[in-house]
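What follows is a single structure, written as structure tokens, with notes after it.
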Amino acid sequence: MSAVQETAPGYRANRTLPLRVEALRQWRRRRTLVMAGVLAALPFIMIIAFAVGGGPDGGPGGRDGRDGRVSLIDTATASGANFAATCLFVSAGFLLVVPVALFCGDTVASEAGWSSLRYLLASPVPRARLLWSKLVVALGFSLAAIVLLPVVALAAGTAAYGWGPLRLPTGGALAAADTVPRLALAAAFVFVSQLVTAGLAFWLSTRTDAPLGAVGGAVGLTIVGNVLDAVTALGSWREFLPAHWQFAWADALQPQLEWGGMVKGAAVSVSYAVVLFALAFRGFSRKDIVS
């Protein structure tokens, strides 16, 4: 560092690779715009599907009447809030995993694939600073992607089905004034639950020069977690799987807000994510950068 300061007066490590510069670089990437377009289009595709099918269950009233049970999808057309909750429900398990894995898994590996990573470090950008800037921007874009879907769904659903209370599958309803804060809480939990995927993707991104390998590896391991959670023979061991809590945000849509599942799920997700982020920083600090 002293040699750098002698040859470059005014050099400050914390001023290299500003967040706004990194954010602008990532925003201009084609994959960012494509992913935003896909997420924004999903609510409109679902509205068209409901219009063509006549309702969530294909009938004029939206239910087929086979039994008395009602699911969240059965109430999708009850109001804009119900439609937003349904879009979150159908996408939280997989679709929202993809942008998180993409933004966090592509960020470092793509620089290595373009052979520009060593030039960034020669600027000189400290390794920890480079990773920190890329991680913050990647998480910011991931959060934006997760928020974009319910926001567009709420606006489109309100235009298509009207504004009103959120009808609950278990009976009763949330007042219209309470729906937006509850949906915001649900989206926030979805983001926290995806931190494990973000950590996996980011760690893999520092280990490989192939962006698709990092993104695909994170998505694949997330799917493995979902499969393991479906194995009921594991019993209480499933509670240590982040996938076990991925739909705990539904507790935010109950008449009486339930925090238990969301707190446990957040604790599991953050714990795994912290370890994975630490491994990424530790491994990258010792890695021989040749690309």
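The values are calculated or read from the model by the stated rules, or taken from the named source; none is laboratory data. In this text the structure is predicted, and so the values were computed from the model without any measurement. Heads up, the Cβs are rebuilt from the backbone with ideal geometry, glycines too, and the neighbour counts pull from every protein chain shown. Just so you know, the surface numbers come from the protein's heavy atoms only, side chains and all, with ligands and any DNA or RNA stripped out. Shrake-Rupley method; radii C 1.70, N 1.55, O 1.52, S 1.80 Å.
For a quick protection proxy, order the peptides 179-190, 81-92 by their average other-Cβ count within 10 Å, most packed first.
Result, highest mean first: 81-92, 179-190.
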### Message
Along the Cα→Cβ direction, 7 angstrom out, place labels at residue 90 and residue 21. What is the inter-label distance in nm?
### Response
4.3 nm
#### Entry: Between the range 177-255 and the range 25-51, the Cα center-to-center distance that results, in Å
21 Å
### Message
Compute the distance from the alpha-carbon center of the range 129-153 to that of the range 90-114, in whole Å.
### Response
10 Å
## Note on the structure
For the range 143-185, the per residue accessible area (1.4 Å probe, Å²) is 46 Å²
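Taking the Cβ of residue 86 as the center, what net charge do the other residues with Cβ under 12 Å away carry, scoring Lys and Arg +1 and Asp and Glu -1? Don't skip to the end; give the middle numbers.
Working: positive: 167; negative: 74.
Once positives and negatives cancel, what remains is 0.
Using a Förster radius of 51 Å, what is the FRET efficiency between residue 258 and residue 278 based on their Cβ-Cβ separation? Nearest 0.05, please.
Working: r = 31 Å, r/R0 = 0.61.
Result of the calculation: an efficiency of 0.95.
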### Message
Taking R0 as 45 Å, what FRET efficiency do you get between residue 45 and residue 286 from their Cβ-Cβ distance, rounded to the nearest 0.05?
### Response
0.45
#### Entry: Restricting the range 220-291 to trypsin sites (Lys or Arg not before Pro) in coil, as DSSP defines it, with at most 13 other Cβ within 10 Å
287
